[in-house]
Amino acid sequence: MKSIDEHILKDQSEIESAKAEGNLPKVRHLTEELKELEEYKDHHPEDKHDPNALELFCDANPDEPECLVYDD
């Protein structure tokens, strides 16, 4: 994806398709991903890039060891 907005639209479309197919595990996965993307967008309104999984995780869990940044 080029932008977070494109990713959100894609997930919304895929959720509807998965619902139509009755694929509940896919619906749950995409719904959680969509929630994380929307939260990231709310926290970073100026940032338009499509965040990766680590960026989403660290946005939700900034105190986790993987997300800490140390200045030497």
Okay, helix-only estimate at 222 nm for the chain: each DSSP H run of n ≥ 4 adds -39500 (n - 2.57), divide by all residues, round to 500 deg cm²/dmol; what do you get? -21000 deg cm²/dmol
Among Asp42, Asp59, Asp50: highest mean-square fluctuation, GNM of the chain, C-alpha pairs under 10 Å: Asp42
Would you check the chain for Lys pairs whose C-alpha atoms are within less than 18 Å, ignoring same-chain pairs closer than 8 in sequence, and give me the count? 11
Percent of accessible area on region 4-48 owned by carbon and sulfur, 1.4 Å probe? 52 percent
Please report the relative contact order for the chain, taking Cα pairs under 8 Å with a sequence separation of at least 6, and give it as a percent rounded to a whole number. 34 percent
Per residue, accessible area of region 4-48 with a 1.4 Å probe, heavy atoms of protein chains only, in Å², comes to 68 Å²
Which chymotrypsin sites (Phe, Trp or Tyr not before Pro) in the chain sit in a loop by DSSP (not H, G, I, E or B) and have at most 10 other Cβ atoms within 10 Å of their own Cβ? Tyr70
Would you kindly derive the ³J(HN,Hα) couplings of region 32-44 from the backbone phi angles with the Karplus curve 6.51 cos²θ - 1.76 cosθ + 1.60 (θ = phi - 60°), listing them in order in whole Hz, with x for Gly and Pro? 5, 4, 4, 4, 5, 5, 5, 5, 4, 5, 5, 6, 10
Using a Gaussian network model on the chain with a 10 Å cutoff between Cα atoms, which of Leu34, Leu24, Leu56 fluctuates the most? Leu24
Only Lys, Arg (+1) and Asp, Glu (-1) charged, at Cβ; the chain dipole about Cα centre in debye: 560 debye
Scan of the chain for trypsin sites (Lys or Arg not before Pro) in DSSP loops with at most 14 other beta-carbon atoms within 10 Å gives a longest site-free stretch of 3-47
For region 4-48, the charge dipole (Cβ of Lys, Arg +1; Cβ of Asp, Glu -1; about the Cα centre) points to a positive end, and the Cα of His7, Ala18, Pro45 closest to that extreme belongs to Ala18
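The values are calculated or read from the model by the stated rules, or taken from the named source; none is laboratory data. None of these values were measured; they are calculated from a predicted model. Because the Cβ atoms are built from the backbone with ideal geometry, glycine has one as well, and the counts that use them run over all protein chains shown. To get the accessible areas, we keep the full protein, side chains included, count just its heavy atoms, and leave off ligands, DNA and RNA. Shrake-Rupley method; radii C 1.70, N 1.55, O 1.52, S 1.80 Å.
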